[in-house]
Amino acid sequence: MKARLLFLFLCLTWNGWADTFVPYNPDSLKKGDWITLETVHYYPYIAPGIKEEIPWRAENIRRITIQATVAEKTDKSISIDYTLGYLYDCRNDKEKPGFYYFDSRYQQDFAFDNNASNKQILRVTYDRKSRKPLAFDKKDSSFSYSKTYVPFGVRQEGLSTHLETYVRDSLNLDELITPVANDFLTGWKEDGTIQTTLGTRVIDASFVLPPNTEFTCSNFDIDASKDLTIHKKIFIAYPTEYKVGKRVTLLLTPGDSIIQDKEVYANTHTYHYEGQGNEQNNLHYNYRRFSHYNSEYDITFPNELKKAFQSRDSLFQTAMEKDFENMDPYWRRAFELSEQYFKGRFILSYYTRATDKDAWHKSGLLDWQAPHFASVNPLIDYAYKLEKWDAANYGSFLYTYSAYKKQEIYSDNLCLNKQKKLTPQEDYLLNKQILSGYPQYLVNGVNLSTLMYGKMLSELEKDYNDFITSCPDTSLTNNVKKIYNKLLPFEAGKNIKEAGLIITDSLHLVKGSDRKYILLFLSASKGLYGINLQNALDLKQLLKEKGLDSTVHLELYADFERRNTEVVKPYKAIPEKQAHDMNYNLGFSWVTILMREDGTILYRKFSNILDTEPIPELIQKDLNREDKSFNDFMKGFKEGILGALLIAAIIGIIYYLRNKNRQKQERNCRHIRELELRAIRSQMNPHFIFNALSSIQNLINRSANQEANKYLIDFSRLLRKVLATSEKKLVPLSDEIEQLELYLKLEQLRYPFSYSLTVDRNIEPDAIEIPGMLIQPFVENAVKHGIAPRGTGEIIIRLSLQDQLLIIDITDDGPGLKTEANGGFGIRAVTNEFEILKTLYNTEIGITIENRQEKESVSGCHVQLSIPL
């Protein structure tokens, strides 16, 4: 009851302290702005077991996205181009159990006649005053395609579509888009809402859309030592999993209004929510109460699994009928499907490991007509998939299903079953035969990610490039790119000093030494496996037998009790800072690295087992590299070509000396530029710190002790971030965003202004790196010149991607910039930094600073940065 009263109070007072939203209107539009519209047609609903009421369904629906982009803008008119985004069509067949399916995003997997995606269909010129159309410029608007028949359920023969069965369909895009375009600007309301024709809605834009969903919850740090309350109003187009910080994920539907009961968490350490949309979130965070049954990991026979399923079904049905009976139909469907995928995954997993496979066939669990196989449709069910690890059964089922099919293919193929195991390329290609559409890319993305930890990236280069270029889903490619970029510093030929390991300073690397080696093993997980200790002892003995013991130095670290130091030699205790960095920043807990004594990496593997098997062979091979070149020289000498070699050597020496001198000059120049860059940043940071300390002094002078204490806590966090990134050439975009938000929250204690910071969905902040302290001076300038003179105002920051450029827009509603304002120290320093970065990285960062009065009917300043990626 207490939580409900608190929720009501928050709803009544929301507008007093939530982020202020400034609506966009047609006059605010500028060239390049875009709005994504979606038009939906619902077919008669005949899907088995699914109710008509699900508004976000993936079955019996045709969904088309249209991109409206501002092409030109003058004082009197504005022109907008309309293009086709993508087409999704899924319709049940009335005569047989299956559906006809088409998705233009996966056009390489399905038949189609012509591709109109991203092609202009219509340009409309509007009168800016009346907002009515003045002229229509129509292009080719026909679009024909073939829908492929896909039977219901999962099938023995695989999940690829039946390409021999399809129906043709077509669209007249002119008839579809013209009514929408006709009333597009006149349907734009003062609150920023864009009303369109029936069956069409706005789902995204290059600017902030009016919020339609709100929540209040706590974002707990990794160590749970701080409780930061997050209160937001956001716009979402579909039901979505929305991540709040590092530990909390909410299941949101447009229109939800959710609040977390913090008292329940404080007393029980469980999550509980109130308000519209609470049911799916309460089930989400209580899923484990029936997701694990006692015998789950001790099952040997199929009848044991049947009993376990019965127990689980009873708990699940009770939960859905009593505790969560009012759940949104979309999320109910998502959890029900997740349960079926859970069953299918366990059946296939146990079957592939079973010795008595006949017993499993006779049990009926492997019957492809059973509900756990027949009631799921992976090609379309990805619309309902859950990502939380103990409910993410869709992805784990597909991975298990592909492993089951590979085992079947492996045993039936006379060539494959003679090999010890599949090569990475065979594994990758087999997925393409077993799966299609989104399931194929999901599994291949997981496969590639797993393989990258166990194999050198050079071994997987062909498959990696194929995946990145062929997969149309940026959420999947971004994840794979993120892992690739994270592991790239550990690739063969790289130097360990560039890998970001704290322990590197303790390795005593010797410059120029490439005939001695270091074997480094780091384990950041609690305890030390006995097999790792045995592997280390066996390796020492093997190296001694091969006469390599004096050549290889072992640096083995694990997390164990200090009192066991003598017992676990040759292991040493891993520094706590290194263990924390591996677990929470680098994203892995174990790694084996073989390197030359100068730090050049020869081999690495991310595994919880100390990988010693290839070490002696790799060392011997690297040593032979030196011997082979010497033997080749001696052979040439004996064959009488000494004269030619001497001439070549003289020419080579001359070239080498000239080249070395040029390289030395370039290195000196580059070093000087790097020192200049550090000097600029070392000046920027004190400049930044001085402003923050002034804010603290202001609060103390006003006797606002409580606010001053809060300011000091936030300031210490910000100072740690600044110091941590000051020496780095590049920092993750996510760190820069966190630093910006800390700075703005600090400044809000001085001035009651509002701000919004939005990041487009196609941006992966952890996967993008930019020069540190690049954005902050421009935001600081907006506070200084746009907010401070009036003591209030608004700052809007938006990050977007356009043609491989990271675009950062910073706007304020202040009086605008005077000429001398452009010369502020922070901006002068950053401008100088741009010139140095151009020299160092051959990358030119674009910048424009202009008064908003020049193009808009409002005052203020607009800064735009463009950073090549």
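Just so it is clear, none of the values below were taken in a lab; they were calculated from the coordinates. As the structure is a computational prediction, the values presented were derived from the model and not from experiment. Here the Cβ is made from the backbone with ideal geometry for all residues, glycine too, and neighbour counts use every protein chain on show.
Scattering from the stretch 492-631 was approximated by placing one identical point on each alpha carbon and applying the Debye formula without solvent; log10 I(q)/I(0) at 0.11 1/Å stands at -0.39. Going from the residue with the fewest nearby Cβ atoms within 10 Å to the one with the most, T39, T165 rank T165, T39. Sorted fewest first by neighbouring Cβ atoms within 10 angstrom, D75, D169, D813 come out as D75, D169, D813.
For the stretch 515-543, the residues whose amide N sits under 17 Å from a probe point set 7 Å from the Cα of K621 along the beta carbon direction are 517-519. Sites listed here are chymotrypsin sites (Phe, Trp or Tyr not before Pro) in the stretch 552-602 whose DSSP assignment is loop and whose Cβ has at most 10 other Cβ atoms within 10 Å, and the list is empty. With a threshold of 32 Å on the Cα-Cα distance, the over-threshold entries among K405/K605; K343/K432; K119/K243; K546/K728; K540/K577 are K119/K243; K546/K728.
Rounded to the nearest whole Hz, the Karplus-based 3J(HN,Hα) values (6.51 cos²θ - 1.76 cosθ + 1.60, θ = phi - 60°) of the stretch 347-362 follow the sequence 4, 5, 5, 5, 5, 5, 9, 6, 8, 9, 6, 4, 4, 6, 5, 5, with x at glycine and proline. Extending 7 Å from Cα along the Cβ direction at S550 and again at T474 yields two label points whose distance is 5.9 nm. Database remark: amide H of H553 closer than 5 angstrom to the amide H of Y517, I518, L519 (H placed geometrically; neighbours at sequence offset of 5 or more, or on other chains; Pro and chain starts carry no H). Estimated translational diffusion coefficient (Stokes-Einstein, Kirkwood radius over Cα pairs, 4 °C, 1.567 mPa s) of the stretch 288-488: 70 µm² per second.
Among K572, K405, K855, the ranking by other beta carbons within 10 Å of each residue's beta carbon, starting with the fewest, stands as K855, K572, K405. Residues whose amide H falls under 5 Å from that of L122, counting only those 5 or more places apart or on a different chain, are Y82, K139, with hydrogens built in the peptide plane.
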